[in-house]
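Colleague: Please find one structure pasted underneath; my questions will follow.
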Amino acid sequence: MHHQRSREPLWWLPFSGGMMVDALAIPALVIVTGLLIPFALVNPESFRNLLIHPLVRAAVFVIAALSFFHAAHRLKFTLIDLGLKDAKIALGFICYGGAIVGTLLTAAIALGLM
Amino acid sequence: MPSYPKPQVKQYHPPVKATWWLARPAYIKFMVRELTSLFIAGYAAFLVVLMAKADDVAAFQSIMDALKTPVSILLHLIVLGFALFHSITFFNLTPRVLVVQRGEDRLADAAIAGAHYAMWLVATLVILFVATR
Amino acid sequence: MAGNTGETTTLEVFRYHPEQDSEPRYQTYQVPYQKEWVVLDALNYIKNEIDGSLTFRWSCRMGVCGSCGMMVNGTPRLTCAAFLKDFHPQTIRVEPLAHFPVIRDLVINFDDFINKLTEAKAWLIPKEEKSIEQGEYLQTPAQLAAFKQYSMCINCMLCYAACPVYALEPAFTGPAAIALAQRYNMDSRDGAREERMNYISSDEGVWECTLVGECSVVCPKHVDPAGAIQRAKLETAQEWWQSMLMPWARK
């Protein structure tokens, strides 16, 4: 029987990238916005300037885009596992489509277009 | 090889429930692990909003004020819990995926996972340093 | 008799005789509680002394043949390795291995698994055929170490019983078939990696797996099929991206 290799690696690469980037960066960022800012250990004005800096914008774009694809991939498979396996293709469109839209919006924001 | 018709037996097909994941603690833990990705993506979306409002001093300041509320801190702590769960489960899995063979032996699990934890420490320190500058 | 406590323990056993039952039922038995007994001993006691109609598979009774896999209190176990003393005085519920059709009582139809082993070509296909005169296929200890863990699989199918993806999607190649495909892919003597990778990296192969990980938890031989699957995902994803980004580079 002839077997065709799946196209899944297309989505699996950003999924893995998101897994790694989320694991490395998210906890520290949550500490910054969740604890350091409220307890005045971060200067809000310098934080605002950081978010204008191109390198920081690029980093936020990468983190956000990969996080969106990571969550989309997991959400698709979780919904399939919860019994929606017949809707696999539709779920793919919705989940990855959402991640693509999120990524494009993030890019537009990072480039100052929005 | 003898050829004979397979016996016609009415086999029992056990049904699969949609609530299968509630049957074992390991399955529940799996579902929670999967759902952490949604919280993390939600937080990432929040960072994008922050980035979007960075040009508007007044809007940014009102977000900064909102971050000081107990609701915000609580939400952040929940996301932090999920993010830590994600990080730790992932780093602990890495030795089973990245198998490095040295002769007959493998590079120790602790070395592979340890390298990831070390990267995590460096990334955390860099982020905290840059943010508090 | 050593280990004879004089007590009895209770087994609640799944029964299904299709010629008379339209639905399965459970039957309760009292067996002697012997401290060294395993669930398989209790089942054999039932068959020998109480109810000869109870049907179940077993063979080596020492954890190497893979025949006696059943659900013991909801967990896939080799019944020859599940000690009564770990359950007593609680009732022990014995059911056929999950996620497979049931032929009779505790006997399941595992044709699907055998078909998958066949599709996965879970046997050695040498890179270069050697005649007897040419001698053995030589392998260093390091080359053996590369795949040895996956060669420990006894085809007991406990991993399939633990896998919720297989429960929901029977077309999923599944943990053991993928681990065994990798066992041969990583064998230095083998030459059929390309075909096996086509099979295990199809849509129903490794990509169905969501790394629940229970397969590796229940495996009695520490094969770690979950690890084998994740490694296969990584390898196959690298190959896919390479073929997309550098289509001119052929292996």
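The values are calculated or read from the model by the stated rules, or taken from the named source; none is laboratory data. It should be emphasised that the depicted structure is a prediction, and the values quoted were computed from it without experimental measurement. Here Cβ is always computed from backbone atoms with ideal geometry, including for glycine, and neighbour counts include all displayed protein chains.
Colleague: Taking into account only those residues within region B:57-84 that are surrounded by 15 or more Cβ atoms within 10 Å (Cβ to Cβ) and within 16 Å of the chain's Cα centre (by Cα), which is farthest from C:Ala179 (Cα to Cα)?
Modeller: B:His76
Colleague: Follow-up. Applying the selection to region C:78-107, what residues are crowded, with 24+ Cβ neighbours inside 10 Å and part of a strand (DSSP E or B)?
Modeller: C:Leu78, C:Val94, C:Pro96
Colleague: Restricting the search to region C:74-104, which residues are among the acidic types (Asp, Glu) and either over 19 Å from B:Val16 (Cα atoms) or at pLDDT below 95 (or both)?
Modeller: C:Asp86
Colleague: Does any residue of region A:37-44 turn out to be under 20 Å from B:Val122 (Cα atoms) and out of contact with any strand residue (DSSP E or B) (no Cβ under 7 Å at 6 or more places or on another chain)?
Modeller: Checking region A:37-44: at least one residue is under 20 Å from B:Val122 (Cα atoms) and out of contact with any strand residue (DSSP E or B) (no Cβ under 7 Å at 6 or more places or on another chain).
Colleague: Give the residue, chosen from A:Ala71, A:Ala65, that is closer than 24 Å to C:Pro164 by Cβ, under 20 Å from the mean Cα position of the chain (by Cα) and in contact (Cβ under 8 Å) with a residue 40 or more places away in the chain.
Modeller: Exactly one of A:Ala71, A:Ala65 is closer than 24 Å to C:Pro164 by Cβ, under 20 Å from the mean Cα position of the chain (by Cα) and in contact (Cβ under 8 Å) with a residue 40 or more places away in the chain, namely A:Ala71.
Colleague: Same structure, new question: Quick check, is A:Phe68 within 8 Å of chain B (Cβ to nearest Cβ) and either modelled with pLDDT under 95 or surrounded by fewer than 22 Cβ atoms within 10 Å (Cβ to Cβ) (or both)?
Modeller: no
Colleague: Say we look at region A:83-100 and pick out the residues that are over 16 Å from B:Leu38 (Cα atoms) and of a type outside the set (Gly, Ala, Ser); which of these is modelled with the lowest pLDDT?
Modeller: Applying the filter and picking the extreme gives A:Lys85.
Colleague: Can you tell me which residue in region C:223-248 is surrounded by the fewest Cβ atoms within 10 Å (Cβ to Cβ), limited to those that are assigned to a loop (DSSP other than H, G, I, E, B) and more than 9 Å from every other protein chain (Cβ to nearest Cβ)?
Modeller: Taking the candidates together, the pick is C:Trp248.
Colleague: Does region B:85-108 hold any residues that are at the interface with another protein chain (Cβ under 7 Å from one of its Cβ atoms), surrounded by fewer than 19 Cβ atoms within 10 Å (Cβ to Cβ) and of a type in the set (D, E, K, R), and which are they?
Modeller: Listed by number, the list holds a single entry, B:Glu104.
Colleague: Could you tell me whether B:Thr19 is surrounded by fewer than 19 Cβ atoms within 10 Å (Cβ to Cβ) and more than 8 Å from chain A (Cβ to nearest Cβ)?
Modeller: Yes; evaluated as a whole, the condition is true for this residue.
Colleague: Something else: Out of contact with any Lys or Arg (no Cβ under 9 Å at 6 or more places or on another chain) and touching a residue at least 12 places away in the same chain (Cβ under 8 Å): does that describe C:Cys209?
Modeller: Against the criterion (out of contact with any Lys or Arg (no Cβ under 9 Å at 6 or more places or on another chain) and touching a residue at least 12 places away in the same chain (Cβ under 8 Å)), C:Cys209 does not qualify.
Colleague: Can you tell me which condition A:His2 does not meet? The list is (1) within 7 Å of another protein chain (Cβ to nearest Cβ); (2) surrounded by fewer than 16 Cβ atoms within 10 Å (Cβ to Cβ), and all the others hold.
Modeller: With (1) within 7 Å of another protein chain (Cβ to nearest Cβ); (2) surrounded by fewer than 16 Cβ atoms within 10 Å (Cβ to Cβ) applied to A:His2, the lone miss is (1).
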